[in-house]
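Comments concern the structure below.
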Amino acid sequence: MKIETLIKQRQKIINTLEVGSMAILFAGDLVKRSADSTYPFVVNRNFYYLTHCDEDSLICIFLHTGAGKKEVLFIKDFNSLEEKWVGHSLPKEEAAALSGIINIHPLSQFESFLVRTLTNSDIKTVYIDSERINLKHRSNEAENFAKMIQEKYPTLALINLNPSINALRRIKDKDEIEHIREAIGTTHRALNRVIKEMRVGRTEYQVAADFSYQLGLENRVHSFDTIAASGKDATILHYVTNQKVLKDGDLVLLDCGAACNNYSADITRTYPINGKFSPRQKELYTIVLKAQEAVIDAIKPGVSFQFLNEIVKEIYRQECVKAKVILSPDQIDEVYYHGVSHSLGLDTHDVGSIEGTLLEAGMVITVEPGLYSQLDGIGIRIEDDVLVTSTGCENLSRDIPKSIEAIESLFSLSKG
């Protein structure tokens, strides 16, 4: 998003803060993997959304006091020795240009700034950004900070800012949508490379490598770990082992995506390894494609995620019995065991609850019906990324071939 929009987004958040409060956001720290190595850094998406800064250890503070409203960004101190080893950290001028924040200080001043502000200002409430979906997950920087504040300043109230930021993130502006389009474009070209190189006798990991190669050529990263599941393993939703040899007559389900400026594409296509669908594969693939197209046709503001999912189930109840995938309609959960859609953005499974949520213009969602027949040893999923508009929707990934005819033709041309 443009710097003007970024500043407005922050202002919306600051305006939700009570007078006499402080909000503290953390970019996240490096996580040790082993010895002196760390896992690849992934910035806290809410921090990035409000600052556009993509570096570990940074801290941002929003103040709303009797004296007014203020934004302060803390960046790493200059360290000449460290820069010889890992390169330069985000300098003040670049941080200001990225974020539009004027008040920028070194991290070494954070503690003194915090104590001074809590002592000399009318701060009664501290907001943090905490998102926890599992009790076993490690405590993040915001939770650790909250624990410290409760111990040192027990009279302060603590409020979670996460829902307010998430509400803003659900609706994408033009720049965010463009980033998603670019991510989809890279994903499309990478899938074309996959088809060009695919043949019986190669491996699932080579399929994933072909996809990764195109991303490397375009200086893009993965939005998530690639799933390249062939044969019966395509019935496993998050199969990421990618070790089997591709067999003649099998399908390979490829769930993949590139990211552009941290915005994700999430595309699934299911391909015949030898370039031709068998009659049974065509029969089941047609059912999935029919369901997907029906869902896309139904997308518009005011529609619920639950309604979209019920469209898939209603089609499956009829078509899967007719195709003898199941014996009765009430067995549908045996061959379709996930929802048809989720939000898409800075996170692949983007923020916000699906339960009871109605679609709004500006939301970007996936449409991904799947059909998983253990009996046939066939797993099929077709997934596109769709923008909700004021009158309906736009399929952002419509150019990626998905009809049986288009896929077989693409295989034929790529091998020609």
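Identify, among Ser37, Ser390, Ile227, the residue whose Cα sits farthest towards the positive end of the charge dipole of the chain, taking +1 on the Cβ of Lys and Arg and -1 on the Cβ of Asp and Glu, with the dipole about the Cα centre.
The one lying farthest along the dipole's positive direction is Ile227.
Taking Cα centroids, how far is region 248-272 from region 335-372 in Å?
16
Once you list every other residue whose beta carbon is under 15 Å from the beta carbon of Asn15, what net charge do they have if Lys and Arg are +1 and Asp and Glu are -1?
Neighbour charge sum, excluding Asn15 itself: +3.
For Gln374, what is the net charge nearby, where nearby means another residue's Cβ is under 10 Å from its Cβ and Lys, Arg count +1, Asp, Glu -1?
Counting the neighbours of Gln374, the net charge comes to -1.
Averaged over all directions, how much area does the convex hull of the C-alpha atoms of region 262-304 cover when projected, in nm²?
5.0
Placing +1 at every Lys and Arg Cβ and -1 at every Asp and Glu Cβ, with all other atoms neutral, what dipole size does the chain have around its Cα centre, in debye to the nearest 20?
Charge dipole of the chain: 260 debye, to the nearest 20.
Net charge around Lys322, counting only other residues with Cβ within less than 14 Å of its Cβ (Lys, Arg = +1; Asp, Glu = -1)?
+1
So what is Rg over Rh here for region 3-169, counting just Cα atoms and using Kirkwood for Rh?
A ratio of 0.95.
Take each complete run of DSSP H in the chain, measure how far its Cα atoms stretch along the helix's own axis, and keep only those covering 24 Å or more with mean Kyte-Doolittle hydropathy at least -0.5; list them.
Sorted by number, the helices that extend far enough and score high enough are 279-298, 305-322.
So, by mean Cβ neighbours within 10 angstrom, what's the order for 143-153, 361-371 with the highest one leading?
Top to bottom by mean Cβ count within 10 Å: 361-371, 143-153.
What residues qualify as long-range amide H neighbours of Phe224, i.e. H under 5 Å apart, gap of 5 or more or another chain, H built at 1.01 Å from N?
Gly257
Quickly work out the Asp54-to-Gln318 label distance, labels modelled 7 Å from Cα along the C-beta direction, and quote it in nm with one decimal.
If labels sit at Gln318 and Asp54, their model points lie 4.6 nm apart.
Using the Kirkwood formula over every pair of different C-alpha atoms, what hydrodynamic radius in Å results for region 174-415?
Here the Kirkwood hydrodynamic radius works out to 17.9 Å.
Label points 7 Å out from Cα along the Cβ direction at Lys70 and Val31: separation in nm?
Between Lys70 and Val31, the simple spin-label model gives 3.4 nm.
Please compute P(r) over all alpha-carbon pairs of region 89-208, binned at 10 Å starting from zero, and give each bin as a whole-number percent.
Spelled out per bin, shortest first, that is 9, 21, 27, 21, 13, 7, 2, 0.
What are the radius of gyration and Dmax of the chain, computed over its Cα atoms and given in Å?
Cα radius of gyration and Dmax of the chain are 24.2, 75 Å respectively.
Less than 20 Å from a label point 7 Å out along the Cα-to-Cβ axis of Lys300: which backbone N atoms in region 350-380 qualify, by residue?
The answer is 357-367, whose backbone nitrogens lie closer than 20 Å to the label point.
Every number in this text was worked out from the coordinates using simple rules, so none of it is lab data. These figures come from a predicted structure and were not determined experimentally. Cβ coordinates were reconstructed from backbone atoms using ideal geometry, including for glycine residues, and neighbour counts include every protein chain displayed.
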